[in-house]
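Enquirer: Sharing a structure below in structure tokens format, with a few things to ask.
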Amino acid sequence: MTAGDNNEHTFDQALSYFHIISGVLGGKEAGTYLAGGCTECENTARQIAPEHLEKAYKMGLEL
């Protein structure tokens, strides 16, 4: 999950919603990766820093 800012509570609401929906659908969370500081979201394509993409990819390989 990405966000433009990187404050302490940036992802609280989105994570809460994710956990509720996951529980209702019977999903088992394997992990989450929260990438703050992804700016330029007003452009057509969101710019995600390469280090976040690499970390998320590595996390997926460990599933």
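What follows draws every value from the coordinates through simple rules; no lab data is involved. As the structure is a prediction and not an experimental result, all values here were calculated from the model. Every residue, glycine among them, receives a Cβ derived from its backbone with ideal geometry; neighbour counts consider all protein chains shown.
Enquirer: Pairing the Cα long axis of helix 12-25 with the longest principal axis of the chain, what angle in degrees results, from 0 to 90 and rounded to the nearest 10?
Expert: Roughly 40 degrees between the two axes.
Enquirer: Which one, Ala3, Gly36, Leu15, is farthest towards the positive end of the dipole of the chain when Lys and Arg carry +1 and Asp and Glu -1 on their Cβ?
Expert: Sorting the options by dipole projection puts first Leu15.
Enquirer: If you don't mind, another one. In deg cm²/dmol and to the nearest 500, what is the mean residue ellipticity at 222 nm of the chain if only DSSP H runs of at least 4 residues count, each as -39500 (n - 2.57), divided by the residue total? Spell out each step's value before the answer.
Expert: Working: 2 runs with 26 residues, N = 63.
Calculated mean residue ellipticity at 222 nm is -13000 deg cm²/dmol.
Enquirer: Using only the alpha carbons of the chain, determine the length spanned along each of the three principal axes and report them from longest to shortest in whole angstroms.
Expert: 35, 27, 24
Enquirer: Find out how many positive minus negative residues lie around Leu34, taking Lys and Arg as positive, Asp and Glu as negative, among other residues whose Cβ is under 12 Å from that of Leu34. Don't jump to the answer; show the numbers that get you there.
Expert: Numbers: positive: Lys55; negative: Asp5, Glu8, Asp12.
Around Leu34, the charge tally is -2.
Enquirer: For Ser16 and Met59, what is the calculated FRET efficiency with R₀ set at 30 Å and r taken between the beta-carbons, to the nearest 0.05?
Expert: 0.90
Enquirer: Which of Tyr57, Tyr33 has the fewest other C-beta atoms within 10 Å, and how do the rest follow up to the most?
Expert: The most exposed by this proxy come first: Tyr57, Tyr33.
Enquirer: If neighbour count is taken as other Cβ atoms inside 10 Å, put Phe18, Phe11 in order from fewest to most.
Expert: The fewest-first ordering by Cβ neighbours comes to Phe18, Phe11.
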